[in-house]
Every structure is written in structure tokens, then in C-alpha cells.
Amino acid sequence: MKKKKVNLRDLDPNEHQGEHSHDDGHNHSSPDEVSNFRTYLPAIFSFVMLIIGIAIDYFDDFPFFKGWIRVVWYTVAYIPVGFPVIREGWNSILKGDFFTEFFLMSIATLGAFSIGEYPEGVAVMLFYAVGELFQNAAVKRAKRNIKTLLDVRPNEALVYRDDDFVSVNPETVAIGEKIQVRVGEKVPLDGILLSEKGAFNTAALTGESKPDTIAKGEKVFAGSINLDGVIEVETTKEFKDSSISRILDMVQNATARKSKTELFIRKFARIYTPIVVFLAIGLTFLPYFFVDDYVFRDWLYRALIFLVISCPCALVISIPLGYFGGLGAASRNGILFKGASFLDAMTKVNTVVMDKTGTVTKGVFKIKEVVTKNNFAPALSAVEGEAEFMQYLMAMEEQSTHPIAKAILEYKADGADLEATEVSEVAGKGLKGTVNGKTVLVGNKALMVSNGIEVPAETDTIIESIVMIAIDGNFAGYVTIADELKEDAHQAIKQIREAGISKVIMLSGDKDSTTQQVSEELNIDWAKGGLLPEDKLNEVEELKTQPDTIIAFMGDGINDAPVLAASDVGIAMGGLGSDVAIETADVIIQTDQPSKIARAVKIGCSTRRIVWQNIGLSFGVKIVVLILGAGGLATMWEAVFADVGVALLAILNAVRLQKKKWGK
């Protein structure tokens with residue numbers, strides 16, 4: 001399914017602000033500095049006018065500053081910061097949305113003017129404008145951090161055409177064309193390395209600063225920076241489908257997926273705001289029927305304070321900004337969440353189910369042990385016997401495309417290479433052929449038994465994959481093949497438990513004995529092997545029927561697509577190379593490191609904690625000042641702090657996520 005393209009600068013965590021734009025597409029050139037100054041100029045002008053007006057009022061030595069001159073002075077101070085808000089409020093009303101913060105601020109400040117509280121009316125709007133400026137700066141910073149991190153797509157590519165490398169737009173390069181990347185330049189498109197080797201900085205893709213060395217024929221990803229020598233790459237994807245383009249698109253769209261907390265607060269604000277408006281109206285007029293010394297002006301002032309305090313700015317601003325910061329922090333750590341809702345979901349996970357191959361193991365088979373029998377080469381030493389034995393085995397395996405054959409062929413054997421002839425495949429058992437004039441059998445125990453070869457009993461207890469060899473009717477030996485654990489596999493399980501996950505389970509398609517061995521080595525609670533994709537799905541569905549079980553499944557994102565989709569949180573390893581992972585999973589671990597799962601949980605918990613801190617701070621202060629305001633014990637200045645001041649504190653608290661470290 002084609003994803004909708006979203007420009008990062010169009011993503012605004014403060015959608016409640018109607019036409020407000022928080023464009024972050026600036027650099028530090030002179031025109032933008034001028035633009036920034038113009039942004040702050042209205043607030044600076046109003047601030048200077050307000051301070052001068054208050055100073056003249058305080059000294060009371062200027063008789064001319066009375067009557068209409070005083071009204072005009074404060075009106076001029078009010079317009080630069082007040083008019084944009086009044087305009088926003090009017091536009092919202094035309095759209096049928098009456099109870100916005102713009103409407104509340106407009107009514108409160110115009111009401112203050114109507115009862116002669118000019119300085120307070122200007123101050124409320126001025127502090128609100130300053131709060132908006134701080135908010136915009138925080139949003140720009142959050143967006144710029146993500147954009148700088150991810151938007152590393154080059155705007156040119158050196159492609160080989162007409163016997164020369166020419167510079168073109170990467171969007172015009174077709175699959176299969178050859179491109180050249182110089183030292184220090186970014187790889188413009190995904191491809192296969194044609195040069196012998198290359199060293200790349202993949203920090204923008206994986207969050208890891210350690211250079212990545214790639215050999216000829218291996219994958220190179222767009223956005224990587226070439227560190228060593230001029231290289232050539234054959235493109236395998238178009239520019240729009242490159243890894244960095246998909247990652248950027250996914251992070252951009254993630255901000256549009258609201259968490260349940262965000263959605264609740266937004267709905268709450270739309271109910272809460274009109275209630276407070278009607279309470280303010282009641283606070284103005286109802287005391288007339290119950291208070292002997294009722295003074296309309298005093299009760300209107302209390303109602304205006306009530307309105308200023310009621311603005312849900314701190315809630316509606318800081319909560320999306322908190323989640324935005326969490327998404328950016330995760331991206332910098334090589335973890336991509338497809339939405340703020342999954343940041344929340346990670347904090348509730350209590351059961352991690354994982355695949356084995358490609359998740360906690362490298363998914364690359366290697367020879368673990370070579371065992372030769374005396375009847376193979378009794379006159380040779382152990383080392384010489386092993387070398388000759390492996391030459392026979394490798395000659396046969398050169399005719400096979402099986403992954404185990406690839407592992408065997410990586411073995412370095414001394415001596416002249418041998419060649420196999422008359423090789424035929426025995427279905428489900430192995431290979432039969434001739435090497436150096438001798439009949440050679442290579443395969444499993446069934447192949448040996450069917451050809452009357454006596455197999456040592458010791459092979460029955462071997463857990464790893466085993467390849468047996470017989471030469472001229474005699475059992476010559478065997479090799480065991482095993483998948484390697486990832487370097488951080490033990491650390492991953494330990495950190496997952498430390499992050500508060502109570503149960504860790506392994507489900508694998510590999511044979512059960514191998515799965516149990518890996519499970520025991522990693523101290524996993526429960527494991528099951530020999531499973532087809534549908535079997536894994538059934539196991540996860542069964543686990544989900546248990547009360548209070550929230551499951552995160554992590555797999556390679558290809559065979560495990562059904563389980564990734566069915567789990568509460570699907571986590572894909574190897575997101576850079578797997579289209580299925582990008583489409584199916586909720587969280588992508590770009591570095592292939594299972595230890596990043598614990599960090600994802602920690603980032604989710606930190607984000608949620610800061611969001612709820614902001615909610616508590618906002619409600620706590622507002623309730624106190626609302627009560628004081630209704631009782632006539634709070635002035636408009638306290639109201640300003642309860643609204644704009646708390647919003648600023650909440651924004652600063654949310655910004656902490658952008659600098660927070662969660663360890664390595």
C-alpha cells in the first residue's frame with residue numbers, strides 16, 4: 001500500500017491552533033535571522049510599551065497620561081500581540097469552533113479593557129504571545145533534530161551513462177544503473193557494492209556512530225556516508241523506495257498517529273473549555289441573587305480571571321510535544337516507532353515473545369566443529385586429515401545452493417582445490433558424486449543409512465545441524481553447523497528483565513533441540529521449536545487469552561509477519577533490509593540489536609512519565625488558581641502564571657526528552 005507523503009514541516013503537534021504554522025525549514029543565513037527578528041518584534045514592541053505605561057502609572061507624575069491618551073497608549077501596546085489572537089478566534093468561530101483558547105483570551109483581555117484594567121489586559125496577551133514563541137521554538141527544535149538526523153538524502157548522484165559518470169538528480173536513476181560515490185559523500189540510493197570493500201558511517205540510519213565495513217556484493221543503504229576511497233554501487237531500488245526515504249516518511253507519519261492520552265486530552269479540552277465559559281458567566285451574574293454588596297465590576301473581573309486560567313494551553317501544547325520528543329529520541333537511538341500510540345503500548349508490555357534466527361542469532365551459519373575418522377586418512381596427522389577431508393566436502397558443496405553449503409565453503413582449507421563430477425541430489429537427504437576418482441556421499445544420516453554406511457552412535461546426541469561424509473563406502477567424518485548468537489543477545493535478555501518485563505518466550509522454526517539449547521543459554525523462561533509461521537501465530541493467540549497479558553513480539557519481519565501483526569506490539573529486527581518489516585511491524589530496530597528492545601521500553605516510560613507530569617502540573621496549578629480566582633484572592637497576574645507560565649514549564653519539561661540519554 002502506498003503511503004501518503006507528508007512533509008515534516010507540515011506536521012504540527014499543536015493542531016488546535018488552527019492556522020498557526022511552525023515552519024522549521026530555516027538555516028542560519030541572514031534572511032532567516034531577519035525573519036526570526038520579525039517574529040519577535042511584535043512582542044518586543046508590546047513589552048516596551050507596557051513597561052513604559054506601567055512606569056508612568058506608578059509614578060503618577062504625568063497629568064497628561066490620563067483619559068483617552070492612556071487608553072490609546074495601552075491599545076497600541078495591545079494590538080501587536082492581541083490582534084493575531086483575535087483574528088484566530090474569529091476564524092475558529094467561522095468554522096464553528098467557538099470555545100478555543102483564542103476566543104477565551106480575546107474575551108478575557110477585551111473584558112479587562114472594558115473595566116479599565118488596561119495593563120493587565122495587555123500583560124495577559126503579551127505573556128500568551130511569549131508562550132507561543134517559546135512553544136514554536138520548542139517545536140522547531142524537535143522537528144529540526146529529527147530532520148537533521150534523518151533527512152540525509154543527497155540531491156545528486158554520479159551515474160554511469162555514455163561511458164562517463166554524470167551528475168543527475170537521484171530521482172532519475174533507474175534500478176540496475178551504476179553510480180559512483182566519492183569519499184565523504186552520501187550514498188544516494190540503495191544498492192549492491194561493486195567495489196572490493198567500503199567503509200560507511202550509518203549513524204543517520206542506525207543511530208550507531210561506529211563505521212560499518214561492507215564487502216563486495218553486500219547491500220549498501222542510501223544515506224550512508226562513504227568514509228574510505230571512491231566506490232561504485234549498482235542500484236537495487238528507486239530513490240523514493242530507498243531505506244532512508246521510507247524511514248523519513250515513517251517517522252513523519254508517526255507524529256500523526258495520536259496516543260490514547262493525546263486523544264483523551266483533546267476530547268477533554270473540548271468539553272472542559274465550554275463548561276468553564278458557562279461557569280464564568282454564572283460567576284458574573286449569579287452572585288447578584290446571593291450577595292448583598294454585589295458589584296458587577298468585581299465579579300466580572302473574577303470571571304475574566306476564571307477564563308484566562310481555564311485555557312487548556314499547557315495540556316494541548318505540551319502533550320503532543322512530549323510524544324514528538326519521544327519519537328525523536330527513539331529515532332536517534334536507532335528505534336523507529338510508527339506512532340505515539342506505540343510509545344504508550346511499550347510501557348504496558350509484560351511478555352516478550354521472540355523468534356530465534358535473525359533475532360537473537362545472526363542468522364548466518366558457521367562451521368562449529370570438524371570431526372574426521374581414522375579410517376579416512378590414518379597415515380595423516382589430525383590437521384592434515386582435516387584439511388584433506390574438507391577439500392572433499394567443499395568440492396561437493398560447491399554444487400549446492402543450500403545455506404549450509406555456503407557456510408562450509410567459507411572454510412579455509414590448505415592444499416589444492418578438488419573438483420566434483422557426476423554430482424546428483426538425493427531428495428531430502430543430500431548429494432552423491434565423484435571427487436578425485438572416489439565416490440563421495442554428503443548429507444544427513446538418512447543418506448548414510450540408505451547407502452549401507454555405518455554411522456557412529458555419537459552423532460545421535462548432537463544438537464546442531466550436522467553434515468556427514470562417506471568416501472568409497474566408508475564413514476569419513478562430519479561437520480556441525482551452528483548459528484551464532486548476536487554479541488548483545490545475553491545483554492538483551494538481562495536488560496529486558498530489568499526493564500520490567502516479567503516473561504520472555506522463544507518461538508522458532510528451527511528444530512526444537514537447537515531452540516531449547518539457545519533458550520537455556522540465554523536463560524529464557526520458555527521455548528518451543530519446529531514451528532511453522534501459523535504455529536507461531538497460534539501460540540501467540542493462545543498467550544493473548546491469558547488475563548492481563550500484553551505481548552510484544554520481535555522477529556525478522558519476513559516469516560513472522562502474521563505474528564507481528566497479531567501481537568500488541570510488533571517489533572521487527574533488520575528494518576533496513578526488510579520491506580515486510582517496514583509494512584507490518586509497529587516498531588523497527590534498525591541496528592538488528594535485540595538489546596534495543598529494553599531501550600525502547602525505557603524511552604516509552606520516560607515519555608509517558610513526562611506527559612503525565614505535565615498533566616498533573618497543569619491541572620494542579622489551574623485548580624488552585626481557579627478556586628482563588630473565584631474567591632477573589634487571585635489577580636489577573638496569577639491567572640497569567642496559571643495559564644502561560646504552566647504552559648512554559650510543561651514545554652521545557654517536554655523538551656528534556658530531546659537531550660535525555662538511556663545508556664548504550
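Assorted remarks:
- Only residues that are surrounded by fewer than 12 Cβ atoms within 10 Å (Cβ to Cβ) and part of a loop (DSSP other than H, G, I, E, B) were counted in the stretch 43-63, giving 3.
- All positions within the stretch 631-644 that are open to solvent by 20 Å² or more (accessible area, probe 1.4 Å) and either touching a residue at least 40 places away in the same chain (Cβ under 8 Å) or more than 43 Å from the chain's Cα centre (by Cα) (or both): 631, 632, 633, 635, 637, 638
- Condition broken by residue 588, with the remaining ones in (1) at pLDDT 75 or above; (2) surrounded by fewer than 20 Cβ atoms within 10 Å (Cβ to Cβ); (3) not in a helix (DSSP H, G or I) satisfied: (2)
- Filtered residue count, the stretch 477-516, keeping only those that are basic (Lys, Arg) and in a strand (DSSP E or B): 1
- Within the stretch 531-542, the only residue that satisfies the criterion of being farther than 15 Å from residue 566 by Cα and either within 29 Å of the chain's Cα centre (by Cα) or open to solvent by less than 50 Å² (accessible area, probe 1.4 Å) (or both) is 531.
- Residues within the stretch 453-477 that are open to solvent by less than 70 Å² (accessible area, probe 1.4 Å) and not small (Gly, Ala, Ser), tallied: 13
- Residue check for residue 98: at pLDDT below 80, closer than 28 Å to residue 305 by Cβ and surrounded by fewer than 15 Cβ atoms within 10 Å (Cβ to Cβ): yes
- Per-region count, the stretch 419-452, residues open to solvent by 40 Å² or more (accessible area, probe 1.4 Å) and either closer than 17 Å to residue 478 by Cα or at pLDDT 85 or above (or both): 18
- In the stretch 602-630, the residues that are open to solvent by 30 Å² or more (accessible area, probe 1.4 Å) reach residues that are at pLDDT below 85 and of a type in the set (Phe, Trp, Tyr) with C-beta atoms within less than 6 angstrom, at least six apart or across chains, in these pairs: 602/662.
- Per-region count, the stretch 338-361, residues assigned to a loop (DSSP other than H, G, I, E, B), more than 13 Å from residue 327 (Cα to Cα) and either open to solvent by less than 10 Å² (accessible area, probe 1.4 Å) or touching a helix residue (DSSP H, G or I) at 6+ places or on another chain (Cβ under 9 Å) (or both): 5
- Residue pairs whose Cβ atoms lie under 7 Å apart, separated by 6 or more positions or on different chains, with the first residue in the stretch 54-67 and on the phi < 0 side of the Ramachandran plot and modelled with pLDDT under 80 and the second open to solvent by less than 50 Å² (accessible area, probe 1.4 Å) and of a type in the set (Val, Ile, Thr), are 62/56.
- Residues satisfying the stated conditions in the stretch 362-415, i.e. at pLDDT 85 or above and in a loop (DSSP other than H, G, I, E, B): 398
- The lone criterion from (1) aliphatic (A, V, I, L, M); (2) open to solvent by 30 Å² or more (accessible area, probe 1.4 Å); (3) at pLDDT 80 or above left unmet by residue 329 is number (2).
- Options 184, 191, 229; residue that is touching a Ser or Thr at 6+ places or on another chain (Cβ under 8 Å), at pLDDT below 90 and farther than 27 Å from residue 611 by Cα: 229
The values are calculated or read from the model by the stated rules, or taken from the named source; none is laboratory data. The model shown is predicted, which means the values in this text are computed figures rather than measured ones. Quick reminder, even Gly has a Cβ in these numbers, built from the backbone with ideal geometry, and neighbours come from all protein chains shown. Side chains included, ligands, DNA and RNA excluded: accessible areas come from the protein's heavy atoms. Shrake-Rupley method; radii C 1.70, N 1.55, O 1.52, S 1.80 Å.
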